[in-house]
């Protein structure tokens, strides 16, 4: 495929990638899942034209983003999420016999500024104890997925065939006009 033939498609796919990344980041913030900004900043896309002329659009994010997006089932409660096709699907991830590490939850508690209290005495409990209790609840109930990435992908894919066809048509017209 010549460079001229692909300019509109390349521009369209780049705008497609930018839109999905922007909306995913917005959804993270609206879903209050943007405490450390680590996941937010890790969401990116790469557009590559292969040697054979094929286009490749890849989305990337921190590893744990898939758990925030699709959720994690607990050992007593099953979690679902909406995929990019708009279907409600069971989360492929689940806690079985282990709970999240207290060390990670302790950091999360500090970032959120959460303070736990003993229900009987009203005294504050340590962050380590609170992390253990939160971890136990997560193991039991899981983590609800917010489809922060799946939703913008779904919306983009609904518009994709019509807009992509228009860009392909323009590329063909541009190629014919050059000859």
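Can you tell me which residue in segment 86-103 is surrounded by the fewest Cβ atoms within 10 Å (Cβ to Cβ), limited to those that are within 15 Å of residue 143 (Cβ to Cβ) and free of Cβ contacts under 8 Å to residues at least 24 places away in the same chain?
Ranking the qualifying residues of segment 86-103, first place goes to 96.
Quick one: which of 68, 21 is surrounded by 15 or more Cβ atoms within 10 Å (Cβ to Cβ), touching a residue at least 12 places away in the same chain (Cβ under 8 Å) and either more than 23 Å from residue 157 (Cα to Cα) or in contact with a strand residue (DSSP E or B) (Cβ under 7 Å, 6 or more places away or on another chain) (or both)?
Only one candidate qualifies: 21.
Taking segment 117-149 as the search range and keeping residues that are closer than 28 Å to residue 97 by Cβ and in contact with a strand residue (DSSP E or B) (Cβ under 7 Å, 6 or more places away or on another chain), which one is surrounded by the fewest Cβ atoms within 10 Å (Cβ to Cβ)?
125
Answer with yes or no whether residue 98 is assigned to a loop (DSSP other than H, G, I, E, B) and either closer than 19 Å to residue 20 by Cα or more than 15 Å from the chain's Cα centre (by Cα) (or both).
Yes.
Please verify whether residue 109 is at pLDDT 90 or above, in a helix (DSSP H, G or I) and over 21 Å from the mean Cα position of the chain (by Cα), treating the condition exactly as stated.
Spelling it out, residue 109 is indeed at pLDDT 90 or above, in a helix (DSSP H, G or I) and over 21 Å from the mean Cα position of the chain (by Cα).
Pairs please, first residue from segment 110-133 and closer than 17 Å to residue 35 by Cα, second anywhere and outside any helix (DSSP H, G or I), Cβ atoms under 7 Å, 6+ apart in sequence or on different chains.
111/35; 111/36; 112/35; 115/124
Within segment 112-128, can you find the residues that are in contact with a helix residue (DSSP H, G or I) (Cβ under 9 Å, 6 or more places away or on another chain) and assigned to a helix (DSSP H, G or I)?
Matches in segment 112-128: 127, 128.
The values are calculated or read from the model by the stated rules, or taken from the named source; none is laboratory data. A quick note: this is a predicted structure, and the numbers were derived from the prediction, not measured. All Cβ positions, glycine included, derive from the backbone under ideal geometry; neighbour counts span all protein chains shown.
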